[in-house]
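Working notes for the structure below.
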Amino acid sequence: MTQIHDQSSGEETGDGAALVGTEQAWSYLPLWRNRDYVLLWCGQLVSSTGSQVSLLAFPLLVLAVTGSPAQAGIVSALRGLPFVLFSLPAGALVDRWDRKKLMLFCDSGRALALASVPVALWLGHLSFIQLCLVAMTEGTLMTFFSIAELTCLPHVVAREQLPTTTAQYQAIDTASWTLGPFLGGLLYSLGRLLPFVLTSCTFVCSVLSLFFIRARFQGARVESSRKVWHEVAEGLVWLWRAPLLRFLALLNFCLVMPVIGFTLILISLAQGLHASALMIGILIGGGGLGSVLGTFFTQPLQKRFTFGQLTIGSSWIWAISWLALAIAPNILVLGIANFVSFIIVPLFISVQSSYRLLAAPEHLQGRVQSVYRLLTYGSQPVGMALTGFLIQWLGPIWTVIVLFVPQGLIALIATFYRPLREAPLLSKL
């Protein structure tokens, strides 16, 4: 881990939460001077963008190879299925295994899997079966990697810096959501193999950045002879007995699941307002810009307001800004509503992530994070199917209104939930 000298005593610290000292005061090494953190952040920014590139390129390539929208849907589903199947056992194994080695293995495997696509395409032997296997492999490795990535943060930065760190990490998702689809479409138009070559290279960059990080990604480990499912159960029991974390899991599900199909809703609303394909693209991209803006508000707000105030306030803004989509009279207002709705996303997500990292014991971090990953990503098939059914049955405007109900209800419950209202500043945890 980062090592620096205490100029007053000549002592050296060997922790990721590196300290700069004087005789009477200590301050933590700024994040952007923390070599390990910078390596981790930059590596994940590159690889996350690559993931979004391939997310768009996969269905385009399947359609080109097979001509079947159904088969394109199958490949996309196989990429997301591992989150449902493996999130809980992955959390237990992340708590058991060496996280850094696991992350190196996962991104090395993802690089090889994605590289096989342009190789097979160049040789003229690319098949639907291979695309299915690559999608399933990448989704499985991504499931393990994403849980290990979050749980390693307390070992790379100081505990007091976690709220700021999670806010900056949210910028990775924001940038990748904004740049990835654009790069994916551009590269695919230049050559069908290019998006997969780029994505494979981004995973290599991630591996290299991890390789040069000196920090250990977990504390001391005790050998366990128990079965994985016993450890999964231990994590679930611990979470169930933590009332506030248990409620936050429900809050996440009720806010995230209804909005999973927002892209389909925006397209339907925009088409109803006679928007062109270009305008629809700008409309959806505006959400990414709103999320970028939101990252700048996250850190100062976390210092000024308590965790409870931020969670309740962001929940209401999340729900009400969603409802605004239903009353937009034209494409401009719809774009503004979408832009505003995404400003709150970085704040809500980073506050939740920070609290979990601070509240859960280190040896249970993987299992606690895996439950939230399951509720967030595992709800995608349900959310997408529900959204599509409601649009066909009720139309996009009433779909927005119906999907507002669980969001508004959970925000109301959160407002009167005493443990949440009384939660302190994140810095006081």
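The values are calculated or read from the model by the stated rules, or taken from the named source; none is laboratory data. Note that the structure is predicted; figures quoted are calculated from it, not measured. Note that we place each Cβ from the backbone using ideal geometry, even for glycine, and neighbour counts take in every protein chain shown. Keep in mind that these areas ignore ligands, DNA and RNA; they rest on the heavy atoms of the full protein, side chains included. Shrake-Rupley method; radii C 1.70, N 1.55, O 1.52, S 1.80 Å.
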Could the peptides 261-270, 237-246 be put in order, highest first, of the mean number of other beta-carbon atoms found within 10 Å of their residues?
261-270, 237-246
What number comes out for accessible area per residue over the chain if the probe is 1.4 Å? Units Å², please.
46
Under a 1.4 angstrom probe, counting protein chains only, how are 100, 303 ranked by accessible area, largest first?
303, 100
Taking the Cα centre of region 138-263 as origin, sum charge times position over the Cβ atoms of Lys and Arg (+1) and Asp and Glu (-1), and report the length of that vector in debye to the nearest 20.
220
Alpha carbon centre of region 265-336 versus region 349-379: separation in Å?
24
Shape of region 259-385 from its Cα gyration tensor (a ≥ b ≥ c, root eigenvalues): rounded if a/c is under 1.5, otherwise prolate when a/b > b/c, or oblate?
prolate
Quick shape check on region 100-180: root eigenvalues a ≥ b ≥ c of the Cα gyration tensor, a/c under 1.5 is rounded, otherwise prolate if a/b tops b/c, else oblate, and it reads prolate
Could you work out the relative contact order of the chain? I mean the mean sequence separation of Cα pairs under 8 Å and 6+ apart, divided by the number of residues, in percent.
23
Please list 3J(HN,Hα) in residue order for region 325-332, calculated via the Karplus relation 6.51 cos²θ - 1.76 cosθ + 1.60 where θ = phi - 60°; whole Hz, with x for glycine and proline.
4, 6, 10, 5, x, 8, 5, 5
Which shape class applies to the chain: rounded if a/c is under 1.5, otherwise prolate when a/b exceeds b/c and oblate if not, where a ≥ b ≥ c are the square roots of the Cα gyration tensor eigenvalues?
oblate
Please report the accessible area of residue 84 (heavy atoms, 1.4 Å probe, ligands and nucleic acids excluded) in Å², nearest 10.
60
Quick one: pull the percent of accessible area on region 79-227 belonging to carbon and sulfur, 1.4 Å probe, ligands and nucleic acids left out.
72
